[in-house]
1. Tell me which of these residue C:178 doesn't satisfy, since it passes every other one: (1) at pLDDT 85 or above; (2) more than 30 Å from residue C:110 (Cα to Cα); (3) buried (at least 21 other Cβ atoms within 10 Å of the Cβ).
2. Is it the case that some residue within segment A:91-105 is within 14 Å of chain B (Cβ to nearest Cβ), touching a helix residue (DSSP H, G or I) at 6+ places or on another chain (Cβ under 9 Å) and touching a residue at least 12 places away in the same chain (Cβ under 8 Å)?
3. Can you tell me how many residues within segment A:111-124 are within 7 Å of chain B (Cβ to nearest Cβ) and farther than 17 Å from residue B:318 by Cβ?
4. In segment C:12-54, how many residues are part of a loop (DSSP other than H, G, I, E, B), closer than 21 Å to residue C:67 by Cβ and out of contact with any strand residue (DSSP E or B) (no Cβ under 8 Å at 6 or more places or on another chain)?
5. Can you list the helices (runs of 4 or more DSSP H) found entirely within segment B:256-339 that contain at least 1 residues being under 20 Å from residue B:192 (Cβ atoms), more than 12 Å from chain A (Cβ to nearest Cβ) and touching a helix residue (DSSP H, G or I) at 6+ places or on another chain (Cβ under 6 Å)?
6. Condition test on residue C:47, is it more than 14 Å from chain A (Cβ to nearest Cβ), farther than 26 Å from residue A:220 by Cα and crowded, with 16+ Cβ neighbours inside 10 Å?
7. Being surrounded by fewer than 23 Cβ atoms within 10 Å (Cβ to Cβ), in contact with a helix residue (DSSP H, G or I) (Cβ under 9 Å, 6 or more places away or on another chain), at negative phi and part of a loop (DSSP other than H, G, I, E, B) narrows it down to one residue among C:87, C:79; which is it?
8. Only one of B:68, B:118 is closer than 30 Å to residue A:270 by Cβ and without any contact (Cβ under 8 Å) to a residue 24 or more places away in the chain; which?
């Protein structure tokens, strides 16, 4: 008899769903209560949750997932332009195509382990970027990127009677226009569904197998497991999540360019996962939200605003402080990201969720059930 | 036809030299220290910017009255060196690219030593994944600092005028006067050969080098023999930094340095190391040159007509092919890092 | 006439200049326990490695129940019914003791690859019961929820035994199962292995401890410098002068 999702997990999902759907309210006080930013929380949360299925469970570090993000984005854009502005076929198509891309890239990359694997994924991602930028320009339009334009076929839409109007069509969900708050709630629902799927996978025999692979891959062979298909499965699943995230980026903001496939996105998702807590369920989501929030905050500052902020200091000190801190804000966000990256790896490789868990455990000792605690300690 | 082939080989040699030098440093660090250094490309970039900084230093200028403008007082910038030393000063400025090694070598050595002592050495025992991540972060930080200091645009560093032109290679090798090749790129190739020879000699013929080579084979035993391997590691890392940095400095006249340089070369350098065989210095060098030439051939118009865009992906394809056919790379040791 | 389950035919293996195994011929009958003994460096572990797929012999071959297993990857060999307990315990340190035993159970039931991504592990009651039963047999029930990495070496070895037993293998290969154990633990292990023997499992044990050998083995094979120098019942081997010589004057026996 198939056991249903445990009651503890059901509570987790319920709490998470409630938290996500009410984000506009409880995040407003810290200035995060608007659709654009919250969408990004959800979208990168999806990306990170999927990435965690690969990195967190199996320990395989991929530096190339930006490629799948890009595939998802391009697929959705073409779905909009060719078929319909309805978001549902777009996101499904994107997830599938990204999965195919991941199957191909994963097939080759997984022939090696460890750093060789990481380098291979990075190489494939760079190759994809180069292809998108300058070779496959009929599909990607290279540097300029793609938008929905007048004269796009919209085959399915036209078939049900849609006519070209004065303004360009917006992505919709069976008639519901997905701009603004509707867009956010669409992403939020997708996030919750994606989370439940990830939860099921983690609790499943597949999840256990993946964790065992991380713990001792050679031993797996000797107990009868052929590990390669499993790691490929994890790679493909995480690729599909990335594709889904890429798709939602286009649903909420219908344009896409080659830079979406740059390696920086791959690095960012690694940071989000680590910051939040590798191998945990909610960690990647929290990590994604934190990074995107601070990106937003830091990018909106510049030297002038800093100068004003520090105007309570004597003149030369204020200018100097603004000058130094100015390196880290505005366009200097990348620098801050790099520093945070290093700090996180150096000091807290277990992430926010584990840190909170440690505090929690210190306050209230818990006993590990036969299934193990809800959040798992990674092997390293 | 032979002309074209020779030209493409030559074309591939300068990029190949850069790949070889960067891959050499990468393999040195990985083979001896067991460390995967994603900041290695950044070291190449820093070297290139040492050349830029040196050039800026030499061309520190003061305002001098411009005699060529007569109907109002106009001022132009004149480098101090020119004011003080006249033509000799100008010559020095012209040769700022090669002369930058005076600055580059000690600076890169210092950077390498500091990097090793303050950050890298804590990661020797940590997993490769963490090494990659922390050096990746470092690469971003270095890149952004350079961007903040020098701006986002490429900064040209011209080659010395004597070497700015092209050499008539065709006549040298008896193939007629059709083949010309920029002097500086030839010099770069020669420079890289010299550096490679220097590193190999150091490893081969000095006791220090012998210990390093032993450490590459079996780090633990060397440590157990009472040799202070830590300090030697720092020097090895510094050496790798110097190699990468000077490779970058001398490359500056070929491609104007910009802050992206590091990452561009990093991925390809790892591809080179993978093809050459991780842990094999000779393999890294060989693979570097071969892949440079391969990329050059792939950029030929004739080739691009058959398979458009092949030059963008050829190196990655080469890596995939090598990994499928000969996983250990060209000269790598068998069994290293196979899945 | 008992069925020959494992046949080692003319197996040779060398590492560089060292001849680790030389023309080894061995027949293991189903249901019997074979002990392989010999001084250090005689090739015992190498032989086991060849049988389990970790090493490929340079010559000869190994057949299991009539099928050639030399050259097959380890997971296929395991799926055919061969399990091995390693000399240095190889477990899954990051997983709990229960999970460590569940994994091999899954492999046995589902084969080398089967995606089961929707059902929950907690729902697999049948497998869990089997795993818990095996853990109880082995005496680790009190540590069942603990992280395997925190176990003592002896406990890790017992866990490994559980991991092999839960698969109910047709052939169990044990590489010095009692090495480093106390007398009490050794006796407990002997009792357990005797119980398994009663259930009909075929076993090959590499051992140094003669007490274990004489308690369990139906036949003993003696290896020295990569060759078989004696083969027979424990008593026959005990009295064999060649064997005594190999062990430096017979002091051990």
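The values are calculated or read from the model by the stated rules, or taken from the named source; none is laboratory data. The structure displayed is predicted, hence computed values, not measured ones. Neighbour counts are summed over all protein chains in view; Cβ atoms, including those assigned to glycine, are modelled from backbone coordinates with ideal geometry.
1. Against the list (1) at pLDDT 85 or above; (2) more than 30 Å from residue C:110 (Cα to Cα); (3) buried (at least 21 other Cβ atoms within 10 Å of the Cβ), residue C:178 comes up short only on (1).
2. Yes, segment A:91-105 contains at least one residue that is within 14 Å of chain B (Cβ to nearest Cβ), touching a helix residue (DSSP H, G or I) at 6+ places or on another chain (Cβ under 9 Å) and touching a residue at least 12 places away in the same chain (Cβ under 8 Å).
3. Number of matching residues: 4.
4. Result for segment C:12-54: 2.
5. In segment B:256-339, B:261-276, B:281-298 are the helices (runs of 4 or more DSSP H) which contain 1 or more residues that are under 20 Å from residue B:192 (Cβ atoms), more than 12 Å from chain A (Cβ to nearest Cβ) and touching a helix residue (DSSP H, G or I) at 6+ places or on another chain (Cβ under 6 Å).
6. Here the answer is no, as residue C:47 does not meet what is asked.
7. Among C:87, C:79, only C:87 is surrounded by fewer than 23 Cβ atoms within 10 Å (Cβ to Cβ), in contact with a helix residue (DSSP H, G or I) (Cβ under 9 Å, 6 or more places away or on another chain), at negative phi and part of a loop (DSSP other than H, G, I, E, B).
8. Exactly one of B:68, B:118 is closer than 30 Å to residue A:270 by Cβ and without any contact (Cβ under 8 Å) to a residue 24 or more places away in the chain, namely B:118.
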